[in-house]
Structures are given as structure tokens and as C-alpha cells.
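Asks: Dropping a structure here in C-alpha cells format, bear with me for questions.
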């Protein structure tokens with residue numbers, strides 16, 4: 001009678017170990033490849049090497065790594081903060097305030113998620129070009145500071161927000177912005193953390209729109225820099241893997257420092 005439960009446990013752990021291996025192995029290969037020569041990587045060498053410093057010097061020589069990293073960090077941080085502010089205010093208003101047309105408006109917003117960015121790329125570029133926003137942080141940020149997904153995410157999370165607290169704050173004379181800043185934000189901090197992680201990763205990894213809007217080397221971001229490393233006749237995979245490893249550091253640090261809040265925010269939005 002005890003054989004079947006033990007066998008099922010063994011099978012479960014074997015599956016989990018296999019899934020963990022297949023999930024972690026690409027990261028291991030990426031980091032180990034950053035320490036090897038390009039010729040060794042092509043041969044399939046998957047162990048740590050001794051060429052990390054040479055790859056670092058070559059990468060710094062070929063690209064302005066500090067400036068590119070700062071551009072990505074600045075654009076992603078500004079875009080994330082702006083998106084959290086605007087979308088959280090919209091989600092708060094959709095759920096807290098009563099209006100018979102708000103559900104219809106939310107349906108229209110959700111339908112906008114079906115429109116690919118590529119279909120509006122040309123009019124967006126012409127508009128931003130006329131506004132002289134090319135190669136600027138504002139040009140990078142503005143198309144993504146209000147998304148239907150984030151508004152819907154905040155609205156669904158606000159469903160579980162106790163309306164009695166809002167009514168009590170209104171009775172005490174607190175303004176709506178005061179309620180948002182002093183009551184709503186502290187209680188919904190896990191939701192903000194989850195939305196912030198998702199938005200920052202999206203902004204950090206954005207490629208298509210920066211490729212169009214950022215037209216000079218001074219405004220280049222990390223994804224554009226990595227794409228540039230693959231456009232030569234001979235690709236140095238050691239330098240490429242080092243650049244990719246550096247590019248993943250901010251998102252990994254952000255996720256692991258906010259992991260508990262991310263899980264709590266996701267669970268809260270489902271409720």
C-alpha cells in the first residue's frame with residue numbers, strides 16, 4: 001500500500017528536478033559562455049573559462065557600456081514610475097467611482113490590446129518626429145505609460161479593496177488624491193510591486209519601439225546594443241554572452257528583491 005505513494009513522490013520530484021534543470025541550464029550556459037572564447041563556445045564548451053577579463057575589456061572597447069546601461073536604466077525607471085502612477089489611478093477610478101458607462105469603456109480598452117504595436121508604428125513615429133521627441137526619454141516612455149493590461153490589472157486588484165475605508169476617509173474630509181496616496185497605495189503595495197516588476201521588465205527588454213525612436217549611438221539601449229553585436233561579419237559569442245549576462249542583472253535583482261510582494265500582488269489580482 002505504501003509503494004504507490006512513494007513511487008508517485010519519486011516521479012513528482014524527478015519531474016521537478018528535470019524542469020528545474022531545463023529552466024536553469026540556459027542561464028548557466030549564458031554565464032559560463034561569458035568566460036570563454038568565441039571559438040570555444042562554437043565548439044560547445046560549457047564549463048567556466050579564464051577569458052572573462054578579456055571579454056570585459058573587448059566589450060568596453062567596442063561599445064560605451066556605461067552610457068548604454070544608464071540609458072536603459074533611466075528610460076525603464078521613468079517609464080515604470082509613470083505607468084504605475086497613471087494606470088493605478090485609472091484602475092482605482094474604474095472600481096471606486098460609480099458610472100454606468102465604465103464597463104463599456106473598459107471593454108473598449110481591453111479590445112485595444114488586440115491591436116499590435118507594429119500597426120501604429122508609422123503614425124506614432126510621424127507624430128513623435130513632429131513633436132521633436134526622437135532620441136529622448138519622453139519619446140521612449142510616452143507610448144507605454146498607459147496600457148490596457150495594467151489598468152485592468154489594477155482594477156481587478158481593487159475589487160478586493162475595502163470600500164468602507166474609502167467612505168470613512170471621505171467622511172473625515174480626505175480628498176480623493178489623499179485617499180489614493182495615504183490609504184490606497186500602502187494597502188495595495190504588493191500590487192504595485194507586481195505591476196512594477198512586469199512593467200520594468202517590459203521596458204528594459206523593449207526592442208522594436210526603441211529601434212525606431214532611438215536613432216543615435218548616444219541614445220542607444222541595452223537590447224539595441226546587443227543586437228548591434230550580432231551584425232558584424234564574425235560574431236564574438238564571448239562578448240555577446242557577456243553583454244546578455246549584464247543585461248539580465250537588473251531584472252534578476254528586481255525580481256528576487258520583490259519576489260514575495262510579486263507573488264502577493266498576483267494572488268491579490270486573481271481574488
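The values are calculated or read from the model by the stated rules, or taken from the named source; none is laboratory data. All values reported here derive from a predicted model rather than from experimental measurement. Backbone-built Cβ (ideal geometry, glycine too); neighbour counts: all protein chains shown.
Conditions tested, residue by residue: (1) surrounded by fewer than 21 Cβ atoms within 10 Å (Cβ to Cβ); (2) touching a helix residue (DSSP H, G or I) at 6+ places or on another chain (Cβ under 6 Å); (3) in a helix (DSSP H, G or I).
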| site | (1), (2), (3) |
| --- | --- |
| 67 | yes, no, yes |
| 75 | no, yes, yes |
| 78 | yes, yes, yes |
| 87 | no, yes, yes |
| 111 | yes, no, yes |
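Asks: Which condition from (1) part of a helix (DSSP H, G or I); (2) more than 30 Å from residue 177 (Cα to Cα); (3) touching a residue at least 24 places away in the same chain (Cβ under 8 Å) is the one that residue 92 breaks?
Replies: Failing condition for residue 92: (2).
Asks: Out of segment 162-194, which residues are outside any loop (DSSP other than H, G, I, E, B) and over 24 Å from residue 150 (Cβ atoms)?
Replies: The answer is 164, 167, 168, 169, 170, 171.
Asks: So which residues in segment 10-65 are closer than 15 Å to residue 246 by Cα, exposed (fewer than 13 other Cβ atoms within 10 Å of the Cβ) and more than 28 Å from the chain's Cα centre (by Cα), if there are any at all?
Replies: Result: 53, 57.
Asks: List the residue pairs whose Cβ atoms are under 7 Å apart, where the first residue sits in segment 109-122 and is over 13 Å from residue 148 (Cβ atoms), the second is surrounded by 10 or more Cβ atoms within 10 Å (Cβ to Cβ), and the two are 6 or more positions apart or on different chains.
Replies: Final answer for the pair search is 121/212.
Asks: Shifting gears a bit: With respect to residue 176, is the statement that it is exposed (fewer than 13 other Cβ atoms within 10 Å of the Cβ) and either farther than 16 Å from residue 80 by Cβ or modelled with pLDDT under 90 (or both) true?
Replies: Against the criterion (exposed (fewer than 13 other Cβ atoms within 10 Å of the Cβ) and either farther than 16 Å from residue 80 by Cβ or modelled with pLDDT under 90 (or both)), residue 176 does not qualify.
Asks: Quick one: would you say residue 171 is over 19 Å from the mean Cα position of the chain (by Cα), more than 15 Å from residue 72 (Cα to Cα), touching a residue at least 60 places away in the same chain (Cβ under 8 Å) and surrounded by fewer than 18 Cβ atoms within 10 Å (Cβ to Cβ)? Before the answer, list the steps.
Replies: Working: over 19 Å from the mean Cα position of the chain (by Cα): yes; more than 15 Å from residue 72 (Cα to Cα): yes; touching a residue at least 60 places away in the same chain (Cβ under 8 Å): no; surrounded by fewer than 18 Cβ atoms within 10 Å (Cβ to Cβ): yes.
Spelling it out, it is not the case that residue 171 is over 19 Å from the mean Cα position of the chain (by Cα), more than 15 Å from residue 72 (Cα to Cα), touching a residue at least 60 places away in the same chain (Cβ under 8 Å) and surrounded by fewer than 18 Cβ atoms within 10 Å (Cβ to Cβ).
Asks: Considering each of 107, 146, 157 in turn, give the residue that is in a helix (DSSP H, G or I) and either closer than 18 Å to residue 82 by Cα or in contact with a helix residue (DSSP H, G or I) (Cβ under 9 Å, 6 or more places away or on another chain) (or both).
Replies: Just a single option satisfies the conditions, and that option is 157.
Asks: For segment 238-245, check the following and say yes or no: at least one residue is free of Cβ contacts under 8 Å to residues at least 40 places away in the same chain, surrounded by fewer than 20 Cβ atoms within 10 Å (Cβ to Cβ), out of contact with any strand residue (DSSP E or B) (no Cβ under 8 Å at 6 or more places or on another chain) and within 30 Å of residue 40 (Cβ to Cβ).
Replies: There is no residue in segment 238-245 that is free of Cβ contacts under 8 Å to residues at least 40 places away in the same chain, surrounded by fewer than 20 Cβ atoms within 10 Å (Cβ to Cβ), out of contact with any strand residue (DSSP E or B) (no Cβ under 8 Å at 6 or more places or on another chain) and within 30 Å of residue 40 (Cβ to Cβ).
Asks: Another question, then. Please determine whether any residue of segment 220-242 is outside any helix (DSSP H, G or I), within 15 Å of the chain's Cα centre (by Cα) and over 17 Å from residue 27 (Cα atoms).
Replies: For segment 220-242, residues outside any helix (DSSP H, G or I), within 15 Å of the chain's Cα centre (by Cα) and over 17 Å from residue 27 (Cα atoms): present.
Asks: Against the conditions (1) in contact (Cβ under 8 Å) with a residue 40 or more places away in the chain; (2) in a helix (DSSP H, G or I); (3) within 20 Å of the chain's Cα centre (by Cα), where does residue 206 fall short? Just the number, please.
Replies: (2)
Asks: May I pose another question? Of everything in segment 13-52, what is out of contact with any helix residue (DSSP H, G or I) (no Cβ under 9 Å at 6 or more places or on another chain) and outside any helix (DSSP H, G or I)? Give them in sequence order.
Replies: Passing the criteria: 43, 44, 50.
Asks: Taking segment 123-137 as the region of interest, how many residues are closer than 13 Å to residue 210 by Cβ and either free of Cβ contacts under 8 Å to residues at least 12 places away in the same chain or assigned to a helix (DSSP H, G or I) (or both)?
Replies: 4
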